[in-house]
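One structure below.
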Amino acid sequence: MTRIATFAAAVLVAFALIAIPARSQQTATKEAAKPLSTSEAVLASWNDIARKLTTMAEDFPESKYDFKPNPAERSFAEQLLHVAGATYFFTNPAKGENPPAEENPKREQYKSKADVVAFVKKSFADGAAVLQSKGPEGMNDLVADPESHRQIRVSDLAYGLIEHSGEHYGQLAVYYRVAGLVPPESRPKK
């Protein structure tokens, strides 16, 4: 009889060990299936492109910061400065301020790699802070599009700058390849 009791106890323990993780997995799956709000989705996209561009800014050798694939192109540093400066064409209007007068900060103002990296980080952090402050309710606020001067939703203006940043990310990936380097996102994951 003790063998049967021991076996029954072992079977019950096994079922309990299987059921607990399955229950936790169901809860995690329900959370993962919950759709993001518009503000969460915009902020996630904003932060993702910010991460990619910041990683590139930090990773690319400083000795190649003035590299251009051809003379008519912006340098690597100028590309980063352009995309970071352009974020204020979202951030300022979303805060009710005028966009900057200049879209392309001058390389002379950002002499070192550290200066450029700091500006890239700050520009995207400033935009993320505005998105967080707007929250779900503020995504439908109307602001003047700096280019068309039409009224546009905050979320649409943010997505426009995210897309613009993604285009420059793609250009910078080419700069990596032409310089004989592998972009961080293309490297094998460890």
TODO: Could you check VAL143 against (1) in contact (Cβ under 8 Å) with a residue 12 or more places away in the chain; (2) in a helix (DSSP H, G or I) and say which number it fails?
DONE: (2)
TODO: Please find, within region 120-140, the residue that is surrounded by the most Cβ atoms within 10 Å (Cβ to Cβ) out of those that are assigned to a helix (DSSP H, G or I) and polar (S, T, N, Q).
DONE: SER123
Task: Unmet requirement for LYS189, which otherwise passes all of (1) of a type in the set (Lys, Arg); (2) assigned to a loop (DSSP other than H, G, I, E, B); (3) buried (at least 16 other Cβ atoms within 10 Å of the Cβ) - done: (3)
Task: Failed item in (1) in contact with a Phe, Trp or Tyr (Cβ under 9 Å, 6 or more places away or on another chain); (2) at pLDDT below 95; (3) loosely packed, with under 14 Cβ neighbours inside 10 Å; (4) not acidic (Asp, Glu), with GLN109 passing the rest - done: (2)
Open item on the list: more than 17 Å from HIS82 (Cα to Cα) and touching a Ser or Thr at 6+ places or on another chain (Cβ under 8 Å): which single residue out of PRO183, PRO136 fits that description?
Closed with: PRO136
Task: For ALA129: the one exception among (1) in contact (Cβ under 8 Å) with a residue 40 or more places away in the chain; (2) on the phi < 0 side of the Ramachandran plot - done: (1)
Open item on the list: Take the conditions in contact (Cβ under 8 Å) with a residue 40 or more places away in the chain, within 22 Å of the chain's Cα centre (by Cα) and assigned by TED's automatic domain parsing to the domain that holds ALA72 and apply them to ALA118. Does it pass?
Closed with: no
TODO: Restricting attention to region 146-186, report how many residues are assigned to a helix (DSSP H, G or I) and either within 30 Å of PRO69 (Cβ to Cβ) or aromatic (Phe, Trp, Tyr) (or both).
DONE: 24
TODO: Take region 146-158 and flag every residue that is crowded, with 17+ Cβ neighbours inside 10 Å and modelled with pLDDT of 95 or more.
DONE: ILE152, VAL154, SER155, LEU157, ALA158
Open item on the list: If I ask for residues that are within 15 Å of GLN79 (Cα to Cα) and of a type in the set (Asp, Glu), which ones from region 164-190 would you list?
Closed with: GLU167
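The values are calculated or read from the model by the stated rules, or taken from the named source; none is laboratory data. Every value quoted in this text rests on a predicted model; they were computed, and no experiment measured them. Cβ atoms come from the backbone with ideal geometry, glycine included; neighbour counts cover every protein chain shown.
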